[in-house]
1. Explain nothing, just the number: relative contact order of the chain, from Cα pairs under 8 Å at least 6 residues apart, as a whole percent.
2. From the helices alone, meaning DSSP H stretches of at least four residues, give me the mean residue ellipticity at 222 nm for the chain, per-run term -39500 (n - 2.57), in deg cm²/dmol to the nearest 500.
3. Tell me, what is the FRET efficiency for residue 43 and residue 94 to the nearest 0.05, using R0 = 30 angstrom and their Cβ-Cβ distance as r?
4. Using a Gaussian network model of the chain whose springs link C-alpha atoms within less than 10 Å, name the residue from 302, 130, 110 with the highest mean-square fluctuation.
5. Could you give the length gained on full extension between residue 260 and residue 231, defined as 0.36 nm per residue of separation minus the Cα-Cα distance, in nm?
6. Separation between the residue 186 and residue 68 pseudo-spin-labels, each 7 Å from Cα along Cα→Cβ, expressed in nm?
7. How far is it, in nm, from the label point at residue 299 to the one at residue 61 when both lie 7 Å from their Cα along the line to the Cβ?
8. Multiplying the sequence separation of residue 50 and residue 247 by 0.36 nm and subtracting their Cα-Cα distance, what value in nm do you get?
Ligand code: AMP
Ligand code: MG
């Protein structure tokens, strides 16, 4: 059985192909980068519609399979930017209807978790999911991924990207901030905002920009942004870990590429005798994670009619029934 997964929630159009044992047969990604400013939903979706056909062809040829050999089509149904979701949803629906093959819409956040579980072999981890738009601490309970704590405003990645945009770093700024942070030495005081098990990042952004204007060194600010916001993530993760007594901690989402964040979260896990893992090549948005989640859904008996596959731009992680 071969499953095709299409990812397209924001910046990256991804096509993943896997077999029935979750082996990756192809992983094609095409990322839209704005010339200046942030991601414009219309431009991002136009980019997707212009590259999706070629990306699917490339994935099929990388894997050495034909489109007729696909037994399940899947795509990211939400959450994400509406125009992008509708573009790839249309592509996936067209293929499935034309080839008379099952189609499944997948929750993007759940997919970030499932790829981590497949690759780590973890069965019941506490998940720290930190991407551009999302920042959540998650644990499966009674058939749903429950959100233990989350951002009350912007996602951490978006906060870093917005800071970067204002100080002249191109999008996405997260990796550039990580590089500059290594040269930072002084911890600049920034608001540390944990409310119960939730977090807020917008005040840190405002404060860091003010300090930038008053002449604080960019390297010190990058260092301080990371240390402060990552410490907040670790506090909430540790509180959740002590509460649910999970034996495994999984880091997911694009900000999880950050080595300093990996180091800090691994220390939290070790303190509580829990394992720590992250899906190294699949932290950022990709089609493989969509295909893997779709395969799990399919095996659990989830079915969708074409008319049930419209986009869910605001679908939350905890709205999805986890039947596998
Ligand atoms: P995603 O939405 O999961 O694809 O993640 C994209 C986000 O991850 C963007 O906000 C990036 O700036 C951020 N990001 C990627 N690499 C890093 C890194 N090394 N350090 C911090 N943030 C990163
Ligand atoms: Mg993502």
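1. On the way: 705 pairs, mean separation 84.1, N = 324.
Relative contact order for the chain comes out at 26 percent.
2. Details: 9 runs with 138 residues, N = 324.
Calculated at 222 nm, the ellipticity per residue is -14000 deg cm²/dmol.
3. On the way: r = 22 Å, r/R0 = 0.74.
After rounding, the FRET efficiency stands at 0.85.
4. 302
5. On the way: separation 29, 0.36 × 29 = 10.44 nm, distance 1.06 nm.
Between residue 260 and residue 231, full extension yields 9.4 nm more.
6. About 7.0 nm, to one decimal.
7. Label at residue 299, label at residue 61, 3.2 nm between them.
8. Going from the current span to full extension adds 66.5 nm.
Taken together, the values in this text are just the output of simple stated rules run on the coordinates, not laboratory data. Bear in mind the structure is a predicted one, so any value in this text is a computation, not a measurement. Neighbour counts run over all protein chains shown; Cβ positions are idealised from the backbone, glycine included.
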